[in-house]
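For reference, the structure discussed in these notes is given below.
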């Protein structure tokens, strides 16, 4: 072999090695920002300029908007990304932190993920549990995540960090800083207003079940009476006054149109004061205003979707209309049927 060929090979070899070497991912974070929300009332540190999606009781932050689509369709051509999600879920089942965490792990395993470990953590001095997991959607798409959960004031709070492929380790600093800086909502101070616990609060919370999602005043409680007859779902929302409620039930439509449903039910409504149309959950609705009793005003909405009839009934105390009607209308407008 000539000296020229040897020299050429020595010069080319490093270039070939560099071309074949695995690209090293580095976290691109220039500045940090402090997240605060007047309704969710959580606070934590996150990378400045990241894409924020704010929902009732849930904050999702992605490294950019385009990469956020990868989490909704992992096998798509969208670029790999990173996200942190902080959420609150009301403990309606009187569960424990251990059981809540076990349910999450079981769900991940059933979805094809491997549990890498569980560890004890603390959040604001409260006991917390961390779950580390990973799984493949296909041979080129791996998702890794860490989730910390704690319990406070009858709610579970979770901080979930997830990243695709080789982005998990470099961007784990986002998870570490968010966890270290996380401040959970403080208990609301007792108001001197005698009506404070009676009227709807300006603060809101999210209610989610198998039928719908909606945003309601924070001091509104939800109950689910046992359905009977053709009714397949019942929900009752109330604050303090039993004449100020929102009720929703579901029953089969049996191929009836909204117009036919309204026609049949209008004959059963007495003391009608007016009627109109609205949109609930993107669906056309028709409603009737009527009076059930002295000083109690009512409105019933009808929606037909997926061959089901959704009835939403609102009752409020007329002398306190300015307190209840706007809040109840806003809550009903927020409904998203599943």
Taking the alpha-carbon centre of each part, the distance from region 113-188 to region 230-302 in Å is 42
In deg cm²/dmol, rounded to the nearest 500, the helical mean residue ellipticity at 222 nm of the chain, built from -39500 (n - 2.57) for every DSSP H run of length 4 or more, is -6000 deg cm²/dmol
Applying the gyration tensor rule to the Cα atoms of region 156-313 (axes a ≥ b ≥ c; rounded if a/c under 1.5, else prolate if a/b exceeds b/c, else oblate), the class is oblate
Mean-square fluctuation maximum in Gaussian network of the chain, Cα pairs under 10 Å, restricted to 170, 225, 200, hits 225
Ordering 141-151, 318-328 by per-residue average of other C-beta atoms within 10 angstrom, highest first, gives 141-151, 318-328
For the chain the mean separation of alpha carbon contacts under 8 Å (6+ apart) over residue count, i.e. relative contact order in percent, is 12
Relative to the compact-globule estimate 2.2 N^0.38 Å (N residues), the Cα gyration radius of region 23-181 stands at a ratio of 1.02
From fewest to most C-beta neighbours within 10 Å, the residues 334, 95 line up as 95, 334
Over the chain, the quotient of the Cα radius of gyration and 2.2 N^0.38 Å is 1.32
Packing-ranked peptide list from 292-300, 107-115, highest mean Cβ count within 10 angstrom first, is 292-300, 107-115
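We did not get these values from a lab; they are worked out from the coordinates using the rules stated. All values derive from a computational prediction rather than experimental measurement. For neighbour counting, all protein chains shown are included, and Cβ atoms are generated from backbone atoms with ideal geometry for every residue, glycine included.
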